[in-house]
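The values are calculated or read from the model by the stated rules, or taken from the named source; none is laboratory data. Only a predicted model underlies this, so the values are computations on that prediction, with no experimental measurement involved. Using ideal geometry, Cβ is built from the backbone for each residue, glycine included, and neighbour counts are taken over all protein chains shown.
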Amino acid sequence: MGKRRFAATIGYIAVVAILTDGPFDNIPRYLSNVRRSNVTNEECDGVPLSIPKLFDRRKQQRKRYERATLAAAKHFNDFDDDLPKIQVLEKANYYVHRSGRNPQAVAWTDDKNYVQGPGWVTMDELEPPLLREPKVDRVLVGNYVAYTSWFEGNFGHYLDDHLPSIAYLRKELPLSIKFLLLDTKLSRSVLKFLDPYFYQNRIEWIRLREIVRVEGNLTVSIPVSIPLMHGRGRPHQYLREWVNEQHPVVPEKRAIVFYSRSSVDTHHKRIVDRKHERQVVDTVRAAMTRYHRREELVVFDGSVFNRESRNYTTMSIAEQFRIFRSAKTIIGPHGAGMLGNLVWVDPFPPTCHDRVQVLEFIPGPESEQVQAVYRSLFIRWRSWPVDFSVLLYSKESTHDKTFINLDNLNDALEGLWGKQNELQVASA
């Protein structure tokens, strides 16, 4: 390390120590770290509005996709109001009746002043109705913020729908306010890894169908909609900052990650046919050789073999972070394992060339039986500096088993890696 960089690092550490007056493990790291850049996809792609490139040899299919995706991006960009609304109640009660696809939460004061908005109901509107007279289960003294949304226990939805709003509230509300969060194994593991200080000091875990009384101010977060309306992606900008504060390091050893939906944790089918998936992985491996890619090829399905139980178990959040933070290119079908883990890629790449590449398999007009046409990660994550590309499922795909065209895959890999390889050779 050079003398100037070393001196700057020591000075930065000294400032942190002075401002926090405590050991590093017990402080909130809210200062921006040194490694920052803010390249945008529009800047990198040289267009007013960047959309993924569809690799398909049929010109008509490409034009149809571009028209639909541009229209969708413009539609969502028209929503300036994508941050949750904030309402403050004095001495109030909070109750989560139901999570999942149609969540129901209730917050009310003693004079029956109820919070209203997407996901919020009154006691009389609960489905199924409450079978007991409302009775306070726990009393908390102090100031709290209540947050919940849909699919609390789903990995992809939690990281994509919940974390951006929690990140916004964490940054904008005073440090003295604690969070009332529904207690799930998933939320505990994600938040403990993401920010140990926040996990230890700013969360009060509550149970489903537990009535909590707050003797202080109860701040509630009211989303624009459920599912979350991502609009211009402003909540995701808060999440980028949070991830960068807590986990800024990008490893030197990089990987090409193929996402497989063959894990036992996959519940919504859309699995690439097993024999075809081997052909896809072999095609990727051959292209890595052809374009002199030095990264490790990692086939990721979210599981790891446990030698003690001799069964496959869910991979830890730390290990999933390690894989996706090291990724240079991520390839695979649309799904929660890719959707959620995009949060771990480098949130502030220093240059356009350093953006992670994502090649996603999605439904097209000939494969609408798989899922909604053109459903993609792009709309949700387009405010992150990610180089998106897509391939369409071929027409023989079903909701259970999917296929892609291998010629289109080879074209995509050439488009992603062929030009990069030329640049690397030219600069060597």
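Some observations on this one:
- When each of 383, 367, 397, 389 is tested for being free of Cβ contacts under 8 Å to residues at least 60 places away in the same chain and touching a helix residue (DSSP H, G or I) at 6+ places or on another chain (Cβ under 7 Å), the lone residue that passes is 397.
- Note on region 141-256: enclosed helices (runs of 4 or more DSSP H) holding 2 or more residues that are under 27 Å from residue 334 (Cβ atoms), among the charged types (D, E, K, R) and within 15 Å of the chain's Cα centre (by Cα) are 234-246.
- Residues of region 72-123 that are under 22 Å from residue 377 (Cβ atoms) and touching a strand residue (DSSP E or B) at 6+ places or on another chain (Cβ under 9 Å): 84 alone.
- Flag for residue 149 being touching a helix residue (DSSP H, G or I) at 6+ places or on another chain (Cβ under 7 Å) and surrounded by 12 or more Cβ atoms within 10 Å (Cβ to Cβ): yes
- Taking region 292-346 as the range and being hydroxyl-bearing (Ser, Thr, Tyr) and touching a residue at least 12 places away in the same chain (Cβ under 8 Å) as the test, the residues that pass are 303, 312, 314, 316, 326, 329.
- Unmet criterion (only one of (1) out of contact with any helix residue (DSSP H, G or I) (no Cβ under 9 Å at 6 or more places or on another chain); (2) modelled with pLDDT under 90; (3) within 22 Å of residue 166 (Cα to Cα)) for residue 118: (2)
- Test: residue in region 76-96 that is in contact with a Leu (Cβ under 9 Å, 6 or more places away or on another chain), modelled with pLDDT of 95 or more and part of a loop (DSSP other than H, G, I, E, B): no
- Selection status of residue 373, buried (at least 22 other Cβ atoms within 10 Å of the Cβ) and either more than 20 Å from residue 298 (Cα to Cα) or not hydroxyl-bearing (Ser, Thr, Tyr) (or both): no
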